[in-house]
Structure formats: structure tokens, C-alpha cells
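K.L.:
Provided herewith is a single structure, encoded as C-alpha cells, for subsequent inquiry.
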Amino acid sequence: MKLGIVGLPNVGKSTLFNGLTGGGAESANYPFCTIEPNVGIVPVPDGRLDVLAEMYKPEKYTPAVVEFVDIAGLVKGASEGEGLGNKFLSHIRECDALLHVVRCFEDSNIIHVSGSVDPVRDADIINTELILADLETVSRRIERTEKAARSDKKLLSELETLKSIEACLNDGKPARALGLGEEMPQDLNLLSAKPVIYVANVDETGAAGEPTDNVHYSRLKKMADEEKSGIISVSCGIEAEIAELPDDEKAMFLEEMGISEPGLYRLIRESYSLLGLISFLTAGPKEVRAWTIRKGTKAPGAAGKIHSDFERGFIRAEIVSYDDLVRCGSMNAAKEAGLVRSEGKDYVMQDGDVTLFRFNV
């Protein structure tokens, strides 16, 4: 999962990035400038792996990972190349989803690029640039499809879809607002069709939970709900502080702040939900590992995440739910209790399935 962090300059993007990728995360940082983004790889927090590691004492412990890309601040006119906009837009195109950081706090000591705090205006500036870039893409595609449809009537339905996207964009709405799902032509790779989580950067008084008394947050939430996007409130400054603390001091700091868990955990869970992702698990003395798949993936497809041979020679999957395995205390006990199932090619994987794939190549 590759998440691009976007927003206006000086709204807290890099502070959030530092909070997300600090504290022991494997991070590959490029010199931050107006061209190259910072990239950080972060393990997905999953307490189930800790429990399985206690059971199996494995040689390796491998969580799922998320890649965060800190994309330099977009500015008005980016769709026309302003501020090296085309380069930034190409970075966005490579991401699975976007974390759109929007400032939702007042502080006279921190200068706002537009002179005042207005989250809806700020979000609109970024969204407009993505929409304008998409309009150019869709218009070119419509022109080609109209010509091709004269001889191939099968393209008429695609043309109708393209024109509905164009109308949505012309109304100033992102393509995701149409809710087309799989009907969206994937090869278009529209910027405004990418799933978005608005990250409301609040002050420390709103770090413990949803700041319903924050008028800036409330306005941004209304906007997010209308366009079918996610939203989460995070104090980017607090997250950066947490990341810099030694592990033994983090819990104490969180308790003092009245925060149940780092915002990173909530952000990753929200991202998984937004993208329709789940994790299945493999466990044994050699390795305990989480694997990320999309909801609805069948057993052979999940096997292919481990190795293409597993999918090609798939015979069956031996599966026990994480809860049943932990309750029984071992795989053998789970088998004796009749809780280990043998599933075939049509089985749809569930979150927390502890799985052993049988295959023959």
C-alpha cells in the first residue's frame, strides 16, 4: 500500500511524515527539495503477530508494511506546470491513495500561505488542480473513443461513462464522487478518483479524539462526507514528538496526553478500510508474517501473494481463524477441536485467517 501525503505548503505534511516514519521505522529518505519526495516504509501495527510470535518463537517476524510518500506542496496552477506541478502530479499518480493534510488550527506563530486558516478553501485548491489535470486526460480519451466507436459499437457504453466523468469534473467535483467503483476505467489512472483521507491537522487539544468543537474540523468533515472521502484528526506535532521518544516513554506520554494510541495506528486502519484491504497470517517456527490482500480475494490469489508457484499449483488451504488458534493454544489442539478447515479454490479469504497453503508444481 503506497500512500501519498499531499497538501498546500506548510500545513504539516513533513511533520506528519516524520511522525509516521520515525521511531524505528525503516526509512529511505531522499534530500527533500521541490523535486524529489521523501519516502518511508512503516510496519503495520498488528497485535495478533505479537501473540503468534509468543506461541511460535519464530526466527523471523514480518509485519505488513505501508509506504508513505511525502510529496512537496502543491500550489495553484500545478496542473499547468506551476511550481514543477507536472512532476508532483506524476508522484501522486503512482500512489494507491492520498492523505490530504489540511490545517485545522489557529496559531499566529505559524504563517499560512493564504494568510488565514480555511480548510475547505485549502482543500479545494488541491482538489481543483487534480480535477483540471483529470479533465485534460478524460477529454483526450473521449476524443479517441468517439472516433473508435464509429466502427466499434461496444465502446458506446465506455463513452457514456467517460462523459459522465467529464460532467462531474466540469462541476468541480472529484471523479471519486461518482462512486463508479469498478466501472471507472482503471487505465485512466485519474488523480481525483484515488481514495482520499483528509488528515485534519489539529492542535494538541484535539489529539485525543474527534474534535467536534473545532469549527475548522467540522467544516472539513462536512466536505469529506459529501465527496465520499475519509477523514481523521491528527495532531501532526504530537505524532512527531511521540515518534522521537524511546519506546519505554511512549506509553507514559500517551497516558499523560489522554491519547489511547498513536494517530499512526488509526491512520493505517482507516487507510486499510478505505482501500478495502485485510490481512491473512502465516505462522510457524521459521516466520510469523502478515500478508495484505484485498477483501474478496480467493485462496489461490492469496497464495500467489507468497509465491506465484503457490497460486499456480494450488491444491488447498488449511485455515484456522486467529481467535480459534489462540483460544486452543496450538495448531494441533485446533485440529483436534475440528477448527482447522480445508478450503478449496473458491474460498474467500477472511481477515485474520491463519493459513497453510498446500500446492504442487
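The values are calculated or read from the model by the stated rules, or taken from the named source; none is laboratory data. Just so it is clear, the structure is predicted and the values come from calculations on it, not from any experiment. So basically every Cβ, Gly included, is an ideal-geometry build from the backbone, and we count neighbours across all protein chains shown. The protein model used for the area step is the full one, side chains on, heavy atoms only, and it has no ligands, DNA or RNA in it. Shrake-Rupley method; radii C 1.70, N 1.55, O 1.52, S 1.80 Å.
K.L.:
Taking the Kirkwood radius as the inverse of the mean 1/r across Cα pairs, report the Rg/Rh of the stretch 273-327.
P.N.:
Rounded to two decimals, Rg over Rh is 0.97.
K.L.:
Moving on to the next point. I'd like the Karplus ³J(HN,Hα) series for the stretch 96-105: coefficients 6.51, -1.76, 1.60, θ = phi - 60°, whole numbers in Hz, and an x wherever there's a Gly or Pro.
P.N.:
7, 7, 10, 9, 9, 7, 10, 6, 10, 9
K.L.:
Taking the Cα centre of the chain as origin, sum charge times position over the Cβ atoms of Lys and Arg (+1) and Asp and Glu (-1), and report the length of that vector in debye to the nearest 20.
P.N.:
Charge dipole, the chain, about its Cα centre: 1640 debye, nearest 20.
K.L.:
Near Gln186, within a Cβ-to-Cβ distance under 15 Å, what is the net charge of the other residues, with Lys and Arg +1 and Asp and Glu -1?
P.N.:
Result for the local shell: -2.
K.L.:
Between Ser321, Leu52, Ile125, whose Cα lies farthest towards the positive end of the dipole of the chain when Lys and Arg beta carbons carry +1 and Asp and Glu beta carbons carry -1, centred on the Cα centre?
P.N.:
Ser321
K.L.:
Something else now. Please report the antiparallel percentage of DSSP beta bridges with both residues in the chain, rounded to the nearest 5.
P.N.:
Among the beta bridges of the chain, antiparallel pairing accounts for roughly 55 percent.
K.L.:
Over all directions, the average projected area of the alpha-carbon convex hull for the stretch 209-358 comes to how many nm²?
P.N.:
The Cα convex hull of the stretch 209-358, projected and averaged over all directions, gives 12.8 nm².
K.L.:
Moving on to the next point. Can you list residues whose amide H is under 5 Å from Tyr347's amide H, if they're 5+ apart or on another chain and H is modeled 1.01 Å from N?
P.N.:
Long-range HN contacts for Tyr347: Ala299.
K.L.:
So, one more: Once the convex hull of the C-alpha atoms of the chain is built, how many Å³ does it hold per residue, rounded to a whole number?
P.N.:
171 Å³
K.L.:
Roughly how many Å² is the accessible area per residue of the chain, as a whole number, for a 1.4 Å probe?
P.N.:
Accessible surface, normalised per residue, equals 50 Å².
K.L.:
Let me ask something else. Below 8 Å between Cα atoms, with a sequence gap of 6+, how large is the relative contact order for the chain in percent?
P.N.:
Answer for the chain is 18 percent.
K.L.:
I would also like to ask the following. Mind checking the dipole of the stretch 137-253: about its Cα centre, +1 per Lys or Arg Cβ, -1 per Asp or Glu Cβ, Debye to the nearest 20?
P.N.:
I would put it at about 1140 debye.
K.L.:
How long is the gain from Ser260 to Leu188 if the chain were fully straight, where each residue apart is worth 0.36 nm and the alpha carbon distance is subtracted?
P.N.:
Additional length available on full extension: 21.8 nm.
K.L.:
Taking 0.36 nm per residue of separation and subtracting the Cα-Cα distance, what length does fully extending Ser273 through Glu210 add?
P.N.:
Net length gain for the segment: 20.9 nm.
K.L.:
Continuing with this model, one more query. Listed here are the pairs Lys173/Lys221; Lys13/Lys194; Lys295/Lys345; Lys2/Lys305; Lys154/Lys305; Lys2/Lys286; which of them are more than 24 Å apart at the Cα?
P.N.:
Lys154/Lys305; Lys2/Lys286
K.L.:
What is the sum of charges around Thr15, taking Lys and Arg as +1, Asp and Glu as -1, for the other residues whose C-beta is under 12 Å from the C-beta of Thr15?
P.N.:
Cβ neighbours under 12 Å give a net charge of -2.
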